[in-house]
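Heads up: the structure comes next, in C-alpha cells.
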Amino acid sequence: MKRIVQSVLCAVGAIVFGAGALFGITQPINATAYLLGFGREVTVHVDESSSGTMGGRGRAGIGTSIEDGRTIRLFGVTAGETVSARIVLIDVGVDTGAYRSAASAATDFVWLIGVLVLGGPALVFGFAAYALARARPAVAEKTASAGD
C-alpha cells in the first residue's frame, strides 16, 4: 500500500511540474515562430497603453483588431495608436497575444529557464513513479522463497 501511495504522489508531482513546463515551452515556440515569419498579420487600434516589457514585470497594452474586433495584448504600445502585429501561434489566456517586433519576441526565450527548472523535477517524479510501479514487492518475494 505504501508503494502505491508513493507512486501516486510521484505521478501527481510529475503532472504538476510537467504542466508548468508545457506552459513555459509555448512562449519560446511562439517567439521562434514569429522570428521565422509565422503568425497572421493584424492591424490593432490600441485602447490601453502597455508598461514595461514582455519579459519583465510589465503590463500588456490592450487593443482591438480592426479586421475582426478581437481583443489583443501587445507590449511597447501607446493608447490611441494603430499598429500592425502578428498573432502568436499558441495562445494561452483570455485575450489573444501578438508580437510587434523581433525584440519583443526575443524576450520570451527567458521562459526556457523555467522550462528547465520545472521540466527537471517533472522527469525525476515521472521516472520515480514508473520505477515504483514496475518494482516487485519485497513481501511477495520473501513469502515465495519461504514456501520452498
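Which residue is nearest to Ile113 (Cα to Cα), if the candidates are limited to the range 43-53 and must be at pLDDT below 85 and among the polar types (S, T, N, Q)? Break it down stepwise before answering.
Our first condition is that a residue be at pLDDT below 85; within the range 43-53, this holds for 51-53.
So of that shortlist, the ones also among the polar types (S, T, N, Q) come out as 51, 53.
Numbers: Ser51: 23, Thr53: 18 Å.
Here the residue is Thr53.
Among the helices (runs of 4 or more DSSP H) confined wholly to the range 54-148, which include 1 or more residues that are within 22 Å of Gly24 (Cβ to Cβ), open to solvent by 80 Å² or more (accessible area, probe 1.4 Å) and modelled with pLDDT of 90 or more?
Numbers: elements: 102-106, 111-134, 138-146.
Helices (runs of 4 or more DSSP H) meeting the threshold: 111-134.
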Exercise for the section: Look through the range 25-49, keep the residues that are within 10 Å of Arg86 (Cβ to Cβ) and open to solvent by 20 Å² or more (accessible area, probe 1.4 Å), and return whichever of them is nearest to the chain's Cα centre (by Cα). Expected result: Tyr34
Practice task
Six or more apart or on different chains, Cβ under 7 Å: which pairs go from a residue in the range 86-100 that's closer than 16 Å to Gly76 by Cα and aromatic (Phe, Trp, Tyr) to one that's assigned to a strand (DSSP E or B) and at pLDDT 90 or above? Could you list them?
Solution key: Tyr99/Ala85; Tyr99/Arg86
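The values are calculated or read from the model by the stated rules, or taken from the named source; none is laboratory data. All values reported here derive from a predicted model rather than from experimental measurement. Cβ sites come from the backbone with ideal geometry, for glycine too, and all protein chains shown count toward neighbours. Remember, those area values only see protein heavy atoms, side chains included, never the ligands or the DNA or RNA. Shrake-Rupley method; radii C 1.70, N 1.55, O 1.52, S 1.80 Å.
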